[in-house]
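The next block holds one structure in the form of structure tokens; read it before the comments.
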Amino acid sequence: MTKIRKAYKFRLKTNIDIEQKLNHYCGAARFLWNKSLAMNMDRLEKGYSLLWYDELAYWTTVWKRSEEYGFLSECPSQILQQKLRDLDRAFRDGFDRRQPLKRIPVFKKKGRGDSIRFPQGFRIENKRLFLPKIGWVGFYKSCAIVGKVKNITLSRRGVKWFASVQVEQSVEIGRHPSSTEIGVDAGVKCFAAFSDGTLVEGIHSFRKHEEKLAGEQRKLARKKKGSQNWKKQKLKISKLHQTIANVRSDFLHKLSTEISKNHAKVYVEDLRIRNMSASAKGTLEAPGRSVRAKSGLNKSILDQGWYELRRQLDYKLQWQGGMLAEVDSRYTSQRCSCCGYTAKGNRPSQAVFKCQECGHEEHADVNAAKNVLTVGQTGMVCGSNRSSGRKQELAGTRKEVLPVAS
Ligand SMILES: [Zn+2]
């Protein structure tokens, strides 16, 4: 039996009273995050070591007793402790070489991704849950909760509040029902390409919404800040943000479920090789210079959707008894999946692959996905690399993705 963690998300039935408390606690938690983060960023710049949970928890008790920050003591302690743990984790992830896409934590803005977590003291009864210092709150129970409840996270999206109930389940992970293996590559011309020739478009549905969002934001800019119309427009935008997030989440979950059901082993490119800017952060022991300036860099480079897809594939494949494996993807876009000839000239355009050696012609992203599969299965490149006149040996580093703890 293997223990896995899952989360159920439900919309809460809040009233003004509950919302006020939730906003208040979120505010305190956000304040603590930002204050602790500011201290650590300052230390990083000066070359000092970071403050971790224990030190920050000590400072929190000092602040609680002070006049200036005394408002922190109105917030349940466990919420503040959980925020500090999150910050701890965020710093560790940010400096973790195995997670090149994770960034150094950033400051939280009011109303953006507000959330608080209760690790204990809660109760769930039928269609309502009890939260310390808040009381009973009803929720729209869209499905049954299976497993042992470990914690509850409350978050706000727009004007709605949600409870994410994390549970631990014991499951029997058997053999994957399928025995096929597939290579998946982040497409240039589409969201993803599979080695079997499947192309996943998908991205257009967000484009449409994003264009609309840009339009609404221009409208907001023309309105007087703080006016009634400005507030209305602001609400409209926040709802649109929510719609986009829902569409994206739906799309990614459907895609990752389908892939993980149909294939036992999925190969993707190793992002550590692709992501060059990760080195700017340095390591935990030796943080890079001017971390603050460079911490925002990754965002523009990485495609968050693609990263989320990999994360989902990783755990969904594990549940099914399958596996996600990362492969060295250097030159996969320039290499012919038929004969192995590798050259820049094989790529006459972004969308087309045409081998100069054997004439093989294919959708460029599918060709790359086939190479990802080949590298994953054989640990090496097929064919000989005549372009450089020597045997290519670079592709052998196959790394199995380890199960994520907790
Ligand atoms: Zn060829």
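Computed quantities for the displayed model
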item	result
S178-A214 pseudo-label distance in nm [points 7 Å out on the Cα-to-Cβ vector]	3.6 nm
Counted charge near S256, where neighbours are those whose Cβ lies closer than 10 Å (Asp, Glu -1; Lys, Arg +1)	+2
Cα-based shape type of region 1-148, given that a ≥ b ≥ c are square roots of the gyration tensor eigenvalues and the cut on a/c is 1.5	oblate
R11 accessible area, assembled protein chains, probe 1.4 Å, Å²	100 Å²
Volume per residue that the Cα convex hull of region 79-131 spans, once the total is divided by residue count, Å³	130 Å³
Entries of K148/K316; K64/K224; K13/K35; K127/K265; K108/K234 with Cα pairs more than 29 Å apart	K64/K224; K13/K35; K127/K265
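The values are calculated or read from the model by the stated rules, or taken from the named source; none is laboratory data. None of these values were measured; they are calculated from a predicted model. Positions of Cβ are generated from backbone atoms using ideal geometry, with glycine treated the same way; all protein chains shown enter the neighbour counts. The area values use the complete protein model at the heavy-atom level, side chains included, leaving out ligands, DNA and RNA. Shrake-Rupley method; radii C 1.70, N 1.55, O 1.52, S 1.80 Å.
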